[in-house]
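The values are calculated or read from the model by the stated rules, or taken from the named source; none is laboratory data. Keep in mind it's a predicted model, so treat the numbers as computed, not measured. Using ideal geometry, Cβ is built from the backbone for each residue, glycine included, and neighbour counts are taken over all protein chains shown.
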Amino acid sequence: MTKNQRTCYRCAATATTKEHFPPRCFFPKGEGLNLQLKTVPSCKEHNNDKSSDDQYLLAHICMNASKGPSLARETFLRSISPQLARSPKFTSSIAEGATHFADGTGSYRVDVGRFDNFFDHLCWALYFDRYGHPFNESNHSINHTYPTLHADDPGELEVRAFLAGMIGNIRQNHPKQVVSYEAAKVDESVYSNEIVDPIGSDGSITIVHRFYGLFEAISMLSRKWPRIYA
Ligand SMILES: [Zn+2]
């Protein structure tokens, strides 16, 4: 065990627990399913297990699953449906801003702040796992974009197009700069990612996340410019 494995992934406190990333609720449970899920050491304060934002994101991802059998559909029925039945508050948080169309389909407006909170935590864990020290906001800013979600804002569409171009270019021309990871697989992939960090933890880092083959998010951990005194 190295020194870093005993301190929290977010602060200098001694770790007393483990944080799963992605959260456990994203994975199927069951006998004989001995999934090797990734964890980082965590203090009590920074353990995000059972966060309501985890459930919120999972609900929105899985609602887009087709009606046919799939891991996302199964997860929805197992993990989200009972909660919808039990908690009117959870149901209204999901249904807020929903639009129903004449053909029976619908669209949901998501609370991007809650998505961002989820992806902040996931990136902090990925960062610690990869580099062995906590993510430091004074060196990097952190922003996420969600190409799967419908957007009208031209600025947002521009960011997406730029990122898609940049990542496509790196995949094609500098494949060694892309590190791929796939979480414990159960028939289908629950979660996978690609990390692009050409100069390591000190530079800008781009992370492409994929869930159930349905949902994609891109996290930008951008190196802040050093102060320059002229
Ligand atoms: Zn901590």
Next item on the list: Being in contact with a Cys (Cβ under 8 Å, 6 or more places away or on another chain) and under 17 Å from Tyr56 (Cβ atoms) narrows it down to one of Ile80, Ile142, so name that one.
Entry: Ile80
Check: Conditions: (1) over 30 Å from Ala98 (Cα atoms); (2) modelled with pLDDT of 95 or more. Cys123 meets all but one. Number of the miss?
Finding: (1)
Notebook entry, point to check: Is there any pair linking a residue in the stretch 6-20 that is closer than 13 Å to Phe128 by Cα to one that is more than 9 Å from the ligand (Cβ to nearest atom) and acidic (Asp, Glu), with Cβ under 9 Å and at least six apart or on different chains, and which?
Noted result: Cys8/Glu19; Tyr9/Glu19; Tyr9/Asp129; Arg10/Glu19; Lys18/Asp49; Glu19/Asp49; His20/Asp49
Check: Do any strands (runs of 3 or more DSSP E) entirely within the stretch 136-230 hold 2 or more residues that are of a type outside the set (Asp, Glu) and loosely packed, with under 11 Cβ neighbours inside 10 Å, and if so, which?
Finding: none
Next item on the list: Within the stretch 34-68, track down each residue that is within 16 Å of the ligand (Cβ to nearest atom) and of a type in the set (Val, Ile, Thr).
Entry: Thr39, Val40
Check: How many residues are of a type outside the set (Ser, Thr, Tyr), more than 16 Å from the chain's Cα centre (by Cα) and either surrounded by 14 or more Cβ atoms within 10 Å (Cβ to Cβ) or under 13 Å from Ile94 (Cβ atoms) (or both) if we restrict to the stretch 47-81?
Finding: 9
Check: Thr91 versus (1) of a type outside the set (A, V, I, L, M); (2) within 16 Å of the ligand (Cβ to nearest atom); (3) surrounded by 13 or more Cβ atoms within 10 Å (Cβ to Cβ); (4) more than 21 Å from the chain's Cα centre (by Cα): which is the lone unmet condition?
Finding: (2)
Check: Which pairs have Cβ atoms under 6 Å, sit 6 or more apart or on different chains, and link a residue in the stretch 56-80 that is farther than 15 Å from Gly106 by Cβ to one that is of a type in the set (Lys, Arg)?
Finding: Tyr56/Arg114
Checklist line | Scan of the stretch 8-24 for residues that are surrounded by 18 or more Cβ atoms within 10 Å (Cβ to Cβ) and more than 8 Å from the ligand (Cβ to nearest atom), ordered by number | finding: Glu19, His20, Phe21, Pro22, Pro23
Margin query: For the structure I just gave you, tell me whether Leu126 is among the hydrophobic types (A, V, I, L, M, F, W, C) and either in contact (Cβ under 8 Å) with a residue 24 or more places away in the chain or within 30 Å of Ala13 (Cα to Cα) (or both).
Written below: yes
Next item on the list: Among the candidates Gly113, Gly97, single out the residue that is among the small types (Gly, Ala, Ser) and not in a helix (DSSP H, G or I).
Entry: Gly97
Item checked: Filtered residue count, the stretch 106-165, keeping only those that are basic (Lys, Arg) and closer than 19 Å to Asp53 by Cβ -> 2
